[in-house]
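Trainee: This is the structure I want to talk about, given as structure tokens.
The values are calculated or read from the model by the stated rules, or taken from the named source; none is laboratory data. Note that the structure is a prediction, hence the values are computed from the model and not measured. With ideal geometry, Cβ positions are generated from the backbone for all residues, glycine too; neighbour counts draw on all protein chains shown. The area values use the complete protein model at the heavy-atom level, side chains included, leaving out ligands, DNA and RNA. Shrake-Rupley method; radii C 1.70, N 1.55, O 1.52, S 1.80 Å.
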Amino acid sequence: DTPRLHIPSALSLPFTINYTDKMKKAVVVGSTNGIGKAISCRLAKDGFSVIAVGRDKEGRAEEIINNLKECSSQSQDASKTQHEFRPCDAFSLAQVKECASGIVRDHSTIDALVMTQGMATIQSFTPTSEGNDEKLTLHFWSRAAFAALILPSLRASTMPGGPVVMTVLSGGVHNPYNKYKEDPELRKNYSIKNAADGAGFYTDLFFDKLAKLPSNQGINFIHSSPGFVASKWGTEMPIYLKAPIRFMQKLGGKSPSKCASFMAQPILQCASGDIGLVRPSNNAEGVFIMNEDASSGKLTKLHTEEAIESVWNTTSTVLGKAGIALD
């Protein structure tokens, strides 16, 4: 059966010159649980209409929308918010393309895109139906695809501090992946560490390039790190690993809502003014790196123009196989 899209009827914008009173829209990918769900709620509390994206199952759309309505009820802009749920399996770049294209078709303006989809496993290279590694697809390929496809609507945003694209992964804490040229898709040198470092390193490089394109100069691209969160992270792990992870989360993990308060901070600041972050090395353009406490972070030592171009070309090739073109 074709998944149903739960799209509310359109509302006309209120007559006002104050941007904070207008209908702000955010797309949150991976919003069905954990950090993504908490960020969605945090944005809804501050008057954002949330387009929640995630895997579908019976009753999920109603559950997600009802939760967002409850979050919005705490906002003075509750009457202006309209929430949606869009089903998408981010393992499939074809589905990502269909979902993102539908969002752009139905929403000419988007103010924020937040991507949190991911997995924690000890599996080896595991191909999706399209032949890409599952973990690298969730953590990087699908995120690059969503960002590239939703750019037209982000460019139309009039948010005072500029629209925001945030990928919540490992900003400032990952190492570089040294074999980005000889084995860019990790088909020969796959390991848990290489998969983690590769996704984080590629995120820095790709979004730095995307941010520097002339057509994207007004958009804030952020690679953030959530820190250690007491979420459902590690659900796919075997029980002998999942049990100690849950124990450590209880001891020292921050709640998803506390994490969300930090992750949403630059978006909320852009809704009223400046982003409040400084780019690495005080660069005038490029990607922002954000630490778990919403402070500004750093890039790796291998963040070079040569690496940027190499990863950009690899990403263009991978996404191109799914019919997704980069600007």
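Trainee: Return a whole-number percent for the relative contact order of the chain, with Cα pairs under 8 Å and 6 or more residues apart as the contact set.
Mentor: It rounds to 19 percent for the chain.
Trainee: Residues in region 145-174 near a label at Ser215, defined as backbone nitrogen under 19 Å from the 7 Å Cα→Cβ point?
Mentor: 145-158, 163-166
Trainee: Applying the Karplus parametrisation 6.51 cos²θ - 1.76 cosθ + 1.60 with θ = phi - 60° to the phi angles of region 268-276, what ³J(HN,Hα) value in whole Hz is obtained for each residue in order, glycine and proline being reported as x?
Mentor: Values, residue by residue: 5, 5, 5, 6, 10, x, 7, 5, x Hz.
Trainee: Also, I was wondering about something else. At 0.36 nm per residue, minus the direct Cα-Cα distance, what do Gln76 and Glu305 gain on full extension? Give it in nm, one decimal, please.
Mentor: Here the answer is 77.9 nm.
Trainee: Roll a 1.4 Å probe over the protein chains and send me the accessible area per residue for region 36-177 in Å². Mind showing how you got there, number by number?
Mentor: Working: 4870 Å² over 142 residues.
On a per-residue basis, 34 Å².
Trainee: Which Cys residues of the chain have no other Cys Cβ less than 4.7 Å away and so no disulfide-compatible partner by this rule?
Mentor: Within the chain, the cysteines lacking a partner Cβ under 4.7 Å are Cys259, Cys270.
Trainee: Moving to a separate point now. Thr126 label point, 7 Å along Cα→Cβ, cut-off 15 Å on backbone N: hits in region 188-204?
Mentor: 191-193, 195-196
Trainee: Another question about this same structure. Compute the FRET efficiency between Lys193 and Ala325 as 1/(1 + (r/R0)^6), taking r as their Cβ-Cβ distance and R0 = 30 Å, and round to the nearest 0.05.
Mentor: Between Lys193 and Ala325 the formula returns 0.40.
Trainee: For a protection proxy built on the mean count of beta-carbon atoms within 10 angstrom, sort 75-82, 43-50 highest first, please.
Mentor: Those peptides, ordered most packed to least, come out 43-50, 75-82.
Trainee: For Cα Rg over 2.2 N^0.38 Å, which listed value, (i) 1.82; (ii) 1.01; (iii) 0.94, comes from the coordinates shown?
Mentor: (iii)
Trainee: Summarise the accessible area of the chain (1.4 Å probe, protein heavy atoms) by the percent that is carbon and sulfur. Present the calculation step by step, with values, prior to reporting the outcome.
Mentor: Working: 7370 of 14350 Å².
After summing per-atom areas, the C and S share lands at 51 percent.
Trainee: Now a separate question. Which of Leu151, Leu68, Leu302 ends up with the largest GNM mean-square fluctuation for the chain, with Cα atoms connected below 10 Å?
Mentor: Comparing Leu151, Leu68, Leu302 in a Gaussian network model of the chain, the most mobile one is Leu302.
Trainee: Positive end of the dipole of region 77-193, charges at C-beta (+1 Lys, Arg; -1 Asp, Glu), about the Cα centre: which of Ala112, Pro127, Pro176 has its Cα farthest in that direction?
Mentor: It is Pro176.
Trainee: List the residues, sorted by chain then number, that are 5 or more residues from Val114 or on another chain and whose placed amide H is less than 5 Å from its amide H.
Mentor: Val27, Val28, Val29, Met166
Trainee: While we're here: Sorted by accessible area with a 1.4 angstrom probe, largest first, how do Tyr202, Tyr190 fall? Before the final figure, lay out each step's value.
Mentor: Working: Tyr202 0, Tyr190 45 Å².
Solvent-accessible surface, decreasing: Tyr190, Tyr202.
Trainee: How much mean residue ellipticity at 222 nm does the chain get from its helices, if each DSSP H run of length 4 or more adds -39500 (n - 2.57) and you divide by all residues, to the nearest 500 deg cm²/dmol? Don't skip to the end; give the middle numbers.
Mentor: Working: 9 runs with 117 residues, N = 327.
The per-residue figure over the chain is -11500 deg cm²/dmol.
Trainee: Another question, if that's okay. Could you check what % of the DSSP bridge pairs in the chain are antiparallel, to the nearest 5?
Mentor: Antiparallel: roughly 10 percent of the beta bridges in the chain.
Trainee: Output the pairs from Lys135/Lys298; Lys37/Lys258; Lys25/Lys135; Lys45/Lys258; Lys24/Lys45 with a Cα-Cα distance over 18 Å in this structure; if there are none, say none.
Mentor: Lys135/Lys298; Lys25/Lys135
Trainee: Related question: What helices does the chain hold that run 15 Å or longer along their axis, going by alpha-carbon atoms, with a Kyte-Doolittle average of -1.0 or more, using DSSP H for the helix calls?
Mentor: Helices meeting the criterion: 34-45, 60-72, 93-106, 142-154, 192-212, 239-252, 305-320.
Trainee: Let me ask something else. Ignoring ligands, DNA and RNA, what accessible area per residue does region 181-222 give at 1.4 Å, in Å²?
Mentor: 38 Å²
Trainee: Can you give the accessible area per residue of region 269-327, in Å², using a 1.4 Å probe?
Mentor: On a per-residue basis, region 269-327 sits at 50 Å².
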